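J.: First the structure, then my questions, so here it is.
The values are calculated or read from the model by the stated rules, or taken from the named source; none is laboratory data. Keep in mind it's a predicted model, so treat the numbers as computed, not measured. All Cβ positions, glycine included, derive from the backbone under ideal geometry; neighbour counts span all protein chains shown. Protein only, heavy atoms only, side chains kept; ligands, DNA and RNA dropped before computing areas. Shrake-Rupley method; radii C 1.70, N 1.55, O 1.52, S 1.80 Å.
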Amino acid sequence: MKAVFLDRGSFPRYIHIHIPATVKELVEYENTALDDVMERIADADIVLTNKVVLNRNALQKAVNLRLVQVMATGTNNVDLDSCAELNITVQNVSDYSTISVPEHTFAMLLALRRNLVSYLDDVKAGKWANSEYFCFLDYPIRDLSGSTMTIVGGGTLGKKVANIALAFGMKVLFAERKGATSIREGYIAFEDALQLADVISVNCPLTAESKNLIGSAEFSLMKSGCLLLNISRGGIVDENALQQALEHGQISGAAFDVATQEPMPINHPLQALTKYPNFLLTPHIAWASNEAMQTLVNMAMEKIASFVEELEHK
């Protein structure tokens, strides 16, 4: 069988890929433009993709294709309807970053609550050397203990974030789905959860229901001292509404690892916010600790091996 990895460059070279022995040939491309996908997968039995788009036209021409292995959790880059019609199996990988994403969430949160970026920048600028006292306290520093975190999304990542929050001495609330007519045990109404929060952590997938889940109306419910964290998916928070909320002081800060468009163009709304010390932006790296990436790849290879083994026994 022949496998083609369309965007091997999305993983560092020190992340090892041990393709199953049943796959005799693996062709790796650093990245693949949309116009090149059809040609590159034309004779492949298995296609590996992280973010390269597989559309209907390319899939129809890949007459040998039996498996698309998405090297991530999200499968929105694959035409799933066409795969189902063409009898192409699509597999993804989940629960590989259950440590990496929550740790990144709290790295961002602590940086905001303790104004680390501002202090680090001032030290680099020589302000400590010129201080009259042994320290300077130009920016407020707040503990996490005793504050309330609302978590939007009660899956594996949301629960892990909750566990860490509890270890910090925070009170944790899980927000019920927006517009729900009944409240599940262990959850509270969406709007109430936003109003009570000192910190809001978004940990849900991007779906039709969660798109622009948090917009102008939701920002108006939040405390002025609230911090908003989106270490999940771009598009769950209305980015223009976020810009307005930060510029008008509706909330005290935000930290994002994702955006509606990635890589992010220079004129993107979130780029404009990076000039503010109370907005932190990282380039979709929360998932990408060395340990998490290797775990992801290992899980994907196990899934491919299982698929091929099952295919051979049919």
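J.: Give the number of residues within the stretch 6-51 that are among the hydrophobic types (A, V, I, L, M, F, W, C), farther than 19 Å from residue 62 by Cβ and more than 26 Å from the chain's Cα centre (by Cα).
T.: 1
J.: So, restricting to helices (runs of 4 or more DSSP H) that lie completely within the stretch 19-115, which ones have at least 1 residues that are open to solvent by less than 50 Å² (accessible area, probe 1.4 Å) and under 30 Å from residue 151 (Cβ atoms)?
T.: Result: 100-113.
J.: Quick test of your reading of the structure: residue 4 fulfils all but one of (1) surrounded by 14 or more Cβ atoms within 10 Å (Cβ to Cβ); (2) hydrophobic (A, V, I, L, M, F, W, C); (3) touching an Asp or Glu at 6+ places or on another chain (Cβ under 9 Å); (4) not in a strand (DSSP E or B). Name the failing condition by number.
T.: Result: residue 4 passes all but (4).
J.: Here is a check on your reading of the model: is residue 139 of a type in the set (Phe, Trp, Tyr), under 23 Å from residue 278 (Cα atoms) and not in a loop (DSSP other than H, G, I, E, B)?
T.: no
J.: Further, regarding this structure: Can you name every residue in the stretch 123-145 that is open to solvent by 100 Å² or more (accessible area, probe 1.4 Å) and in contact with a helix residue (DSSP H, G or I) (Cβ under 8 Å, 6 or more places away or on another chain)?
T.: Residues satisfying the conditions are 128, 142.
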